[in-house]
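So the structure is just underneath, and the comments pick up after that.
Here, each number is a calculation from the coordinates, and none is a lab measurement. All values reported here derive from a predicted model rather than from experimental measurement. Don't worry about glycine lacking a Cβ; one is built from the backbone with ideal geometry, like all the others, and counts go over all protein chains shown.
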Amino acid sequence: MTKVDESKLIQDIVKRISCQLDRTPMHVAKHPVGIESPVVMLKSMLNLESNDHVVMVGLWGRGGIGKTTLAKALYNSTFRQFEGSCFLANVREMSKGCKDLVTLQEILLKDTLLLKQGLEVSSVDKGIEIIRHRLCRKKVLLILDDVDDRRQLNALAEEGKWFGNGSRIIITTRDRHVLTYQGIHQDRVYEVEALKDSQAFELLSKHASLTHRIRIDLVNRALNYAKGLPLALEVLGSLLCCKTEAVWESTLKKLSRSPTENINNVLKISYEGLDVNEKEIFLDIACFFRGWTRQDTANVLKSCDLETTAGFEILVERSLIRIEFDRLEMHDLIQLMGKDIVNQKWPDDPIRRSRLWLYDDVDEVLSNDKEDCAVKAIVLKLPEWTEMCIHPDAFKKMRRLRVLILYNVQNSFQGPLCLPKELRWFEWPRCARQITGDSSGSMKLVGIDMSEASITVVPELFKDFQQLKYINFSYCESLIRIPDLSCAPHLEALVLSYCKNMVEAHESIAYLEKLQLLTLAGCSQLGVFLNVLKTKRLRHLNLTNCKNLKRFPDIPHKLESLTLLSLEGTAIKELPASIENLVSLEKLSLSVCKNLVSLPSSIYKLCNIKELELQDCTSFIGFPKYDDPADPSMKIGLSSLKFLDLGGSSLTELEFLENHSCCPKQDAGQSLCF
């Protein structure tokens, strides 16, 4: 073996070890109880010692029984025995459309192939071919959690021969027919059963923190209500945590008065113990916002005067919701319980309910203009473009309506849309109607999203929307200009991406003191921007691919919040010397600025900048000289710089890089690209 071969072998070994070290076990549960024995049994069913063929195993059981918890524990105890592994969680929820199935395929490929960056899959059929081609000789562990449709299996693991010998495929489901369809033999199906009495007692004790003695009859009554269901034990235990015997007695009496003693009653007790603020938040999450990010949900709920910071925390403590990867999640049983609370009073009369999320209910309510409408929120996200006959005055009479979110809804009536005065959040992408406000004047609207709408100008009624904080008119290709927004002094986010015919952004934007996000990415005709930039709270400014933009505004005062500035693909020739006032800037993207020749010497005063991108700046010939060597900032230079991309530039000299203090060192996490 030559030294070159030996070096390559060592590099390959290091790379493989590094990839293996990047694979980490999953969080199983706060108090894992009763899973050791099932894991041993499942490992026996998997026959891990054999590499002769692919084995598929199913975990079957009702909701809340602990299938996912058991699958996570099994994953942790076996994943290092495979070349690649992937735990695909919430397959049912994540695969409601073809696009979502593609996303799952991309995750599967990225995790099993140990890729730093995922593969891009154009369609489900293409994804199937890639999986079969890339994994047919690879020994992998694949867990598909909460499968409920053969379509999911067809896209992710239709046949064992898709994977290399020795691979193991584990499917969790509440529908046994899914496993039968997949051809998994009965002796490869593990039915997850309720906890034994001793295990149930242990789990309840841990969640209820039984550090002080509670009468055994009260504990037994609690165990009887839970009937060994882990989810119920967790919820009830959290509810009774550190409570007195009197509270236990009262809580259990509440349950005994219920007409049916089932898990739904146990879960509902947690809800009934909430304050009004938390009840409203819980019902909104259960009906609408499960799977949404914490921030996006908070924006909507805060507009309705709900306190989400404390509210989310309380709901997590009560085991009513979980926050996973910054998204709000809850168990199916808890979600169904929340929806049942909304429906139970008026099961046959949606106009009297507080929340609507089903097409038939929304259609029935919006097709008329009844006066006694009790609806406070409508969120309808349809999988495909659907026509709905909405009465011209439907919203005008909905005086309690706070939230209106409609996706893929086409209104057959083309007249103006009159929004109710109390509406706080309006989100209707591709809305084909002009909007008008309540004739009484000032509106309470906080957020508006009319992306892809057929509008040529922003409605003049914005003068009545003085509470607006969030505006999204992305992809409104007929929109030409933004009017004076000084009437919206509370505005925090203004998103106008890919308004391809927009030519002008009003100067009033520069004086919006609370603005934090401004993006006009893809506004290729934008030529008139701002003369000055004064928005002190601005954090992100995105002007990517504003191909007609030739000048960046002056910055008369220090802006201490702006961390990201993207001017990529603009026609800017130079930056103002006042760029030094962006004292907190961390990333500056100037890539594909083909007219950019040089940078001002004040660029060296940006001591917090970490990333500087100048890729494909074909006219860029060099960095500036140090104008004032006596200035300490000039000596230090770009001291925080970790990434510098100069690929495709026309540099003729590298004096800038000769100053060691402003050259990105070749340490871990730092790079220099030419």
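What to note about this one:
- Using θ = phi - 60° in the Karplus curve 6.51 cos²θ - 1.76 cosθ + 1.60, the 3J(HN,Hα) couplings for segment 479-487 round to 6, 9, 8, 9, x, 4, 9, 5, 6 Hz; x is entered for Gly and Pro.
- Going from the residue with the fewest nearby Cβ atoms within 10 Å to the one with the most, Arg539, Arg168, Arg150 rank Arg150, Arg539, Arg168.
- Built amide H within the under 5 Å cut-off of Asn90, gap 5+: Asp145
- Cα-centred dipole magnitude for the chain, charges only on beta-carbon of K, R (+1) and D, E (-1), debye, nearest 20: 840
- Set of aspartates and glutamates near Lys279 by C-alpha distance (under 18 Å), chain-local residues within fewer than 8 positions excluded: Asp305, Glu307, Glu313, Glu317, Glu329, Asp332, Asp340
- Global geometry of segment 221-369, whether rounded, prolate or oblate, following the gyration tensor of its Cα atoms and the 1.5 cut on a/c: oblate
- For the chain, with +1 on Lys and Arg beta carbons and -1 on Asp and Glu, the positive-most of Ala157, Ser578, Ile171 along the dipole: Ile171
- For segment 15-191: rounded, prolate or oblate by the Cα gyration tensor [a/c cutoff 1.5]: rounded
- Value of [θ]222 nm, deg cm²/dmol, for the chain, DSSP H segments ≥ 4, -39500 (n - 2.57) each, nearest 500: -9000 deg cm²/dmol
- Total formal charge among the other residues, if their Cβ is under 9 angstrom from that of Lys30, Lys/Arg +1 and Asp/Glu -1: 0
- For Phe620, residues with placed amide H under 5 Å, excluding near neighbours: Ser650
- The Cα-based radius of gyration and maximum Cα-Cα distance (Dmax) for segment 28-95 are 12.8, 37 Å.
- Candidate lysines - alpha carbon under 20 Å from Lys110, same-chain residues fewer than 8 apart omitted: Lys15, Lys72, Lys99, Lys126, Lys138, Lys139, Lys161
- Computed FRET value (nearest 0.05) for Asp175 with Lys587, which takes r as the C-beta separation and R₀ as 56 Å: 0.75
- For Tyr190, residues with placed amide H under 5 Å, excluding near neighbours: Gly58, Leu59, Trp60
- Contour excess over end-to-end distance, with Cα ends at Thr24 and Glu307 and 0.36 nm allotted per residue: 98.4 nm
- Label-point separation, Lys196 to Glu477 (7 Å along Cα→Cβ), nm: 6.6
- (i) 60, 36, 32; (ii) 42, 40, 22; (iii) 47, 39, 25, with the label sought being that of the calculated semi-axes √(5λ) of the Cα gyration tensor in Å: (iii)
- Exposure proxy ranking, count of Cβ atoms within 10 Å, fewest first, for Lys72, Lys534: Lys534, Lys72
- Projecting the Cα atoms of Gly61, Ala453, Tyr181 onto the charge dipole of the chain, computed from C-beta unit charges around the Cα centre, puts Gly61 farthest toward the positive end.
- Between Asp275 and Glu422, the FRET efficiency estimated from the beta carbon spacing at R0 = 22 angstrom works out to 0.50.
- Proximal aspartates and glutamates to Lys227, defined as alpha-carbon separation beneath 17 angstrom and excluding residues fewer than eight positions away on the same chain: Glu191, Glu193, Asp197, Glu202, Asp217, Glu261
- The fewest-to-most ranking of Asp197, Asp149, Asp111 by surrounding Cβ atoms within 10 Å reads Asp197, Asp149, Asp111.
- HN-Hα J in Hz across segment 186-192 - Karplus 6.51, -1.76, 1.60, θ = phi - 60°, x for Gly and Pro: 4, 6, 9, 9, 9, 8, 7
- Using θ = phi - 60° and Karplus 6.51 cos²θ - 1.76 cosθ + 1.60, couplings along segment 319-334 (whole Hz; Gly, Pro as x): 6, 8, 9, 10, 10, 10, 6, 6, 10, 7, 10, 8, 6, 3, 5, 5
- Of Lys594/Lys642; Lys30/Lys642; Lys463/Lys500; Lys243/Lys381; Lys67/Lys376; Lys376/Lys534, those spanning more than 32 Å from alpha-carbon to alpha-carbon: Lys30/Lys642; Lys243/Lys381; Lys67/Lys376; Lys376/Lys534
- The GluC sites (Glu not before Pro) of segment 311-383 that meet both conditions, a loop assignment by DSSP and at most 12 other Cβ atoms within 10 Å of the site Cβ, are Glu371.
- Taking Cβ atoms as reference points and 12 Å as the exclusive limit, the residues near Leu46 contribute a net charge of +2, counting Lys and Arg as +1 and Asp and Glu as -1.
- Counting 0.36 nm for each residue step from Lys253 to Asp52 and taking away their Cα separation leaves a gain of 66.6 nm.
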